[in-house]
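Please treat every number below as a calculation from the coordinates, not as lab data. Everything numeric in this text was worked out from a predicted model, so none of it was measured. Counting neighbours? That spans all protein chains shown, and the Cβs are built from the backbone with ideal geometry, glycine included.
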Amino acid sequence: MKTIVGTDILYAASLLRQEWIVGVPTETVYGLAANALSPAAVIKIFTAKNRPYFDPLIVHCISIDHIQPYVAAIPDWASTLGRLFSPGPITFLLPKKQSIPDIVTSGLPQVGIRIPSHTVIRELLSHLDFPLAAPSANPFGYISPTSAKHVFDQLEGKLPYILDGGESSVGVESTVVGEENGKLIIYRVGGVSIEEIESAMGKVEYRLSTSQPMSPGALDSHYAPKTPLHMFTDVNKLPHDNNIGLIMYMTLLEAFSESQQRVLTPSGDLKLAAQNLFKIMRELDGMGFDAIYAERVPQTGLGMAINDRLKRASINILSNEI
Ligand code: TXA
Ligand code: MG
């Protein structure tokens, strides 16, 4: 199949109506979208990504006012967080109605609902009378794409069209929030920080990393480049080797050549670091290094999501943190 990259929203809408899959921009990362109400369309997402069927998909809607046909209830916590952070990088796990096919939720009783803020996917949704199921548009287990080119490079030939909406402004996936026994649980840290959620809701619990995840994005090994990646805190422990790539938080290291290093955020603004993270990981992954070493960033705000993604990218390695 020939894959075209373009900006024709109406064409993308017509493909989606015909049960094709389409690459779509969102403010977090690019998604691989299909009609969420059509099992035949949704199967194509799993096939193109090589994604296991036990990993459920997020359903994207244009507004909280449009989710009623798909969810059995909208609890108070979801209305509150929805008012504060939607449209935006947050996903709510809510009890699903029959209208959402089981393949979307992997048979789970809850559906992940997200209201994206990117203007292109919002315009696309406004032309459709169904919501869009969309995981990140990367092969299963690899780094999420933050540009149309990233999607093309990895999924060319597996989909007819990629809608180009520029670079994703948030750069890490949405925060996934749900409720268990009346308690708010964070299943994935992402574009809305824990501090922001806690300032509205009080203390929340985390259920981030487990080998039997509620949220398989919480699978230990995920978001990984092909080059082995290590996290580090102490620069003195780095091996002095020309053939390693370095992802630095704010400043380059003098002991290494500039060409082997990338800085996430010269000013220390963690939003910028999140925006740059996956692009830099991909770039270094393509440079043929024996290993990549990534500096841990401060564990506040979006720093939590950044450290989480770096940790998951490094998980296959025996001694992954120095
Ligand atoms: O920012 C994002 O969330 C992006 C953009 C495209 O919206 N999407 C994304 O989708 O990251 P994906 O499939 O790569 O990750 C979605 C996460 C997974 O960890 C999945 O397991 C979890 O959300 N999830 C989705 N539906 C769920 C459900 N019904 N129950 C539990 N976890 C769910
Ligand atoms: Mg993903």
Inset, instruction - List the lysines whose Cα lies under 16 Å from the Cα of Lys158, skipping any in the same chain that are fewer than 8 positions away. - result: Lys2, Lys44, Lys49, Lys149
Legend entry - Within the chain, percent of DSSP bridges classed antiparallel, to nearest 5: 45
Legend entry - For the stretch 59-193, share of DSSP beta bridges that run antiparallel, in % to the nearest 5: 70
Inset, instruction - May I ask for the distance between the Cα centers of the stretch 159-192 and the stretch 263-308, given as a whole number of Å? - result: 18
Inset, instruction - State the extension gain, in nm to one decimal, for the chain segment bounded by Asn236 and Ser106, taking 0.36 nm per residue of separation less the distance between their alpha-carbons. - result: 42.2 nm
Inset, instruction - Just subtract the alpha-carbon distance of Ser199 and Gln68 from 0.36 nm times their residue separation and send over the number in nm, one decimal. - result: 44.5 nm
Inset, instruction - For every helix of n ≥ 4 consecutive DSSP H residues, a contribution of -39,500 (n - 2.57) applies; sum these over the chain, divide by its total residues, and give [θ] at 222 nm rounded to the nearest 500 deg cm²/dmol. - result: -7500 deg cm²/dmol
Legend entry - Relative contact order, percent, the chain [alpha-carbon distance under 8 Å, six or more residues apart]: 20
Inset, instruction - Helix by helix through the chain, keep the DSSP H runs that span 18 Å or more along the axis on Cα and average at least -1.0 on Kyte-Doolittle, and give those back in order. - result: 270-285
Inset, instruction - Evaluate the distance, in nm, between pseudo-label points positioned 7 Å from the Cα of Glu180 and of Glu167 along their respective Cα→Cβ axes. - result: 3.7
